[in-house]
Amino acid sequence: MIPMKPSGRNIFLLVIAALYAALAAYDIALLMETLRTFVNLLGKIVPVLLLVFAMMFIVDLVVEPGAVKKRLGKGSGSMGWGVAVLGGVLSTGPIYVWYPLLGDLRKKGVRDSLIVAFLYARAVKIPMAPMMIYYFGWTFTAVLYLYIIVFSVVNGILVERLLRDSVE
Amino acid sequence: MKRSLGKTARSFRQTIPLLLGVLLLVSLVLVAVPASLYARVFTGNTILDPLIGAVVGSIAAGNPITSYIIGGELIAQGVSILAVAAFIVAWVTVGVIQLPAEGEMLGRRFALIRFCICFLSAVAVAVLTSFTLVLI
C-alpha cells in the first residue's frame with residue numbers, strides 16, 4: 001500500500017478540525033452556535049460556488065490559453081487592467097470562492113498583477129454602497145471607492161514587481 | 001465538453017478542503033469575537049489608531065456590511081474616521097483567515113506579498129481618504 005502524503009489543503013482542514021475538537025471539550029454551546037453559523041454561511045456561498053464552478057467550466061471549454069495570454073497576459077495594457085478591475089467590482093460572494101478560478105486563469109497565462117487588481121477591486125461593493133453612504137456619507141464612499149480603484153492597479157504593479165524581484 | 005467538466009470538477013474537488021477550512025474558521029471568529037470588542041482596542045491616538053484599525057480589520061471576518069455597521073458604531077463612540085477607514089478597507093482586502101487557502105491555490109509567496117501590500121495600502125487609502133475629505 002502506498003502511504004498517503006497529506007497535502008497542505010488537508011493539513012489546514014485537520015488543524016481546523018482539531019480547533020473544533022478543542023472547542024467541543026471547552027464549550028459545547030459555543031461549538032453549536034459556531035456550527036449553526038457555519039451552516040448558515042455555507043447556504044449563502046453555495047450559489048456563488050455554483051457560479052464560480054460554471055465560470056471555470058466555461059473558461060476551460062471555450063477560452064484558449066493563447067487568447068487569455070493575449071488579453072490578460074503580459075502586454076495586455078489598459079484593457080487587461082480594465083477587465084481585472086471591473087471583474088473585481090462586479091464579482092460577488094466571499095473572496096476565497098474565487099481562488100480556484102483565479103488559479104486556473106493564472107495557469108492559462110493571466111498576469112499576477114491583474115489577479116491582485118481583481119482581488120483588491122472587490123473592496124468596491126456596489127450593492128452595499130447605499131449602506132456605506134448611510135453610515136459614512138456619499139462623499140466618503142465616493143472618495144474611498146476611487147482610491148480603492150487606484151490602489152488596485154498600484155498594488156497589482158507592486159506585487160508583480162516584488163514577486164519578480166524575489167525570484168531573481 | 002466531458003473533458004472540461006471532469007477537469008473543472010477535479011480542480012474544484014481539490015479546493016473543497018480549503019474552502020471548508022476557511023468557512024469553519026470564519027464561523028468561529030464570527031461567534032467568538034463579539035462586535036463590542038472592536039471598540040475596546042482603539043486608543044484615541046491619531047497615529048496608532050489607523051494601524052490598529054488595519055490590524056483588527058485584517059483579522060476580522062464576515063460580510064463587509066458588518067464592517068460598515070461596526071465602523072458606524074466606532075465613529076459614534078469617538079473613533080477617528082481615519083482609523084475606521086483603515087478598518088473597513090483591511091476587512092475586505094487583507095484577510096488573515098483566508099491566507100492559508102490563498103497560499104495553497106495561488107502560491108505562498110504571492111499570498112504573503114499581496115497580504116503585506118494590501119495591509120500597507122489599507123492604511124494609505126485611509127490616510128488619503130481622510131486627507132481628501134478635509135480638502136473637499
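To the nearest whole number, what is the average tally of beta carbon atoms from other chains within 10 Å of the beta carbons of peptide A:117-123?
Working: counts 0, 0, 7, 8, 1, 3, 11.
Mean partner shielding for this stretch: 4.
Set the Förster radius R0 to 45 Å, insert the Cβ-Cβ distance between A:S166 and B:N45 as r into 1/(1 + (r/R0)^6), and round the FRET efficiency to 0.05. Spell out each step's value before the answer.
On the way: r = 34 Å, r/R0 = 0.75.
E between A:S166 and B:N45, to the nearest 0.05, is 0.85.
Relative to the longest principal Cα axis of chain B, at what angle does helix B:64-76 sit, 0 to 90 degrees, rounded to 10?
Helix B:64-76 sits roughly 10 degrees off the main axis of chain B.
Just tell me, in residue order, which DSSP H segments of chain A are both 30 angstrom or longer along the helix axis (alpha-carbon based) and at least -1.0 in mean Kyte-Doolittle hydropathy.
On the way: long enough: A:28-62 (49 Å, 1.95); A:138-167 (43 Å, 1.29).
Membrane-span-like by this rule: A:28-62, A:138-167.
How much length would be gained if the chain were fully extended between A:L42 and A:K107, taking 0.36 nm per residue of separation minus their Cα-Cα distance, in nm to one decimal? Could the numbers behind the result be given before it?
Values: separation 65, 0.36 × 65 = 23.40 nm, distance 2.78 nm.
Extra length available between A:L42 and A:K107 comes to 20.6 nm.
For A:G77, what charge total do you get from the other residues with a beta carbon under 12 Å from its beta carbon, if Lys and Arg give +1 and Asp and Glu give -1? Display every interim value, and only then the final one.
Working: positive: A:K70, A:R71, A:K74, A:R111; negative: none.
Net of charged neighbours comes to +4.
Helix B:48-59 versus the longest principal axis of chain B: what is the Cα-based angle in degrees, 0 to 90, to the nearest 10?
So the inclination is approximately 20 degrees.
Take the alpha carbon gyration tensor of the protein assembly as shown, find the square roots of its eigenvalues, order them as a ≥ b ≥ c, and report rounded if a/c is under 1.5; if not, report prolate when a/b exceeds b/c, else oblate.
Numbers: a/c = 1.82, a/b = 1.16, b/c = 1.58.
The shape class here is oblate.
Any idea how many Lys pairs in segment A:1-136 come in under 18 angstrom at the alpha carbon, given 8 or more places apart or on separate chains?
The result is 7.
Please compute the contact order of segment B:1-102 in relative form: average sequence separation of alpha-carbon pairs under 8 Å and at least six residues apart, divided by the residue count, as a percent.
Here the relative contact order equals 33 percent.
Within a 10 angstrom radius of each residue's Cβ in A:23-33, how many Cβ atoms of other chains show up on average? Whole number is fine.
Working: counts 3, 0, 0, 0, 1, 0, 0, 3, 2, 1, 5.
Mean partner-chain Cβ count within 10 Å for A:23-33: 1.
Tell me, how many Å apart are the Cα centres for segment A:98-158 and for segment B:57-98?
Their Cα centres are 16 Å away from one another.
All of the numbers you see were taken from the coordinates with simple rules; none came from a lab. What you are looking at is a predicted structure, and each value in this text was computed from that prediction instead of being measured. Cβ sites come from the backbone with ideal geometry, for glycine too, and all protein chains shown count toward neighbours.
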